[in-house]
Amino acid sequence: MMLSQLHELFQRIDKSKIFQSFVIVVIIISALTVGAHTYSLHPTVEFFLHWMDIGITVFFLIELIIRYIASKGIKDFFSKGWNIFDLIVVVGSLYPAAGSSVFIARLLRIFRVLRLVSMVPELRLLVNSLLKAIPQMGYIALLMFVIFYIYAATGSMLFSEINPVLWGDVSISMLTLFRVATFEDWTDVMYETMAVYKLSWIYYLTFIFLTAFVFLNMMVGAILEVMSEEHRNAREEQTNINDMPATQGQINELKTQLSELKTLLSERKM
């Protein structure tokens with residue numbers, strides 16, 4: 001009985017908006033303390049930040065313990081990917097910041113900022129959408145690589161004598177085409193080849209049309225499609241929770257009424 005009450009208490013704490021907001025504030029403070037170490041500070045401030053960092057680490061451990069107790073056991077806790085992510089980040093921040101390991105310790109503590117993603121539902125939704133869109137984006141990237149390779153090989157054959165630095169071989173040509181795709185002084189590259197091949201502008205415009213317009217929009221479309229699906233699933237899940245016919249208290253009340261009814265029926269039979 002006591003364990004169940006403790007479990008319910010930690011569940012209320014874990015789901016409390018005030019507690020979650022406080023955790024987000026601590027994560028932001030943790031990020032600021034890591035950034036503060038990049039400045040030349042007074043030893044007193046460094047001492048204060050050191051103990052603040054220890055306090056933040058202890059708080060994150062306590063928060064994870066609360067979340068673990070609030071779950072339905074080890075299997076339920078580790079079935080959620082974000083719990084595993086938070087556990088790795090918090091355990092990584094336990095790395096001692098002393099001696100030659102200060103740089104590694106501070107580097108690991110920087111990743112505590114990523115806990116904002118696990119704490120803010122909207123950020124979790126965005127990251128989940130991005131991860132689920134990776135397979136579709138992979139096929140688009142593969143097709144994009146094929147186009148890059150074809151254009152790079154063609155450019156190397158046509159323009160290598162004009163500028164070997166930009167078009168010397170396929171690999172260098174692909175880097176040049178990446179520069180063109182990002183619109184980084186691409187007109188300089190085009191005008192240089194147009195001085196020899198006047199129609200070479202067709203090569204650049206078709207490449208830019210395919211990469212910057214077609215494939216980029218395909219990438220955005222794949223992400224938006226998954227995001228809309230994730231939003232729809234989140235709304236349906238919230239609707240199902242709101243439409244639950246009975247709460248735990250109502251269920252307990254029904255059980256009490258059934259037991260009283262059974263008692264009355266047994267008394268009548270006697």
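The values are calculated or read from the model by the stated rules, or taken from the named source; none is laboratory data. Small disclaimer: the values here were computed from a predicted structure and weren't measured. Here Cβ is always computed from backbone atoms with ideal geometry, including for glycine, and neighbour counts include all displayed protein chains. In case anyone asks, the SASA skips ligands and DNA or RNA and just uses the protein heavy atoms, side chains included. Shrake-Rupley method; radii C 1.70, N 1.55, O 1.52, S 1.80 Å.
A few points about this structure:
- In the stretch 72-88, the qualifying residues are those that are under 19 Å from VAL120 (Cα atoms) and open to solvent by less than 40 Å² (accessible area, probe 1.4 Å), and the one that is farthest from the chain's Cα centre (by Cα) is PHE77.
- One residue alone among GLY168, GLY155 is farther than 20 Å from LEU205 by Cα, touching a Ser or Thr at 6+ places or on another chain (Cβ under 8 Å) and open to solvent by less than 50 Å² (accessible area, probe 1.4 Å), and that residue is GLY168.
- Qualifying residue in the stretch 42-53 (condition: in a helix (DSSP H, G or I) and under 26 Å from ASN128 (Cα atoms)): no
- PHE59 being open to solvent by 60 Å² or more (accessible area, probe 1.4 Å) and out of contact with any Gly (no Cβ under 7 Å at 6 or more places or on another chain): no
- The stretch 122-152: number of residues that are without any contact (Cβ under 8 Å) to a residue 24 or more places away in the chain, under 15 Å from LEU175 (Cβ atoms) and either open to solvent by less than 70 Å² (accessible area, probe 1.4 Å) or not aromatic (Phe, Trp, Tyr) (or both): 0
- Residue in the stretch 166-182 that is free of Cβ contacts under 8 Å to residues at least 60 places away in the same chain and among the charged types (D, E, K, R) present: yes
- Restricting the search to helices (runs of 4 or more DSSP H) fully inside the stretch 196-270 and requiring at least 1 residues that are of a type in the set (Lys, Arg) and modelled with pLDDT of 75 or more gives 216-242.
- Among the residues listed as PHE19, PHE10, the single one being closer than 25 Å to PHE111 by Cα and part of a helix (DSSP H, G or I): PHE19
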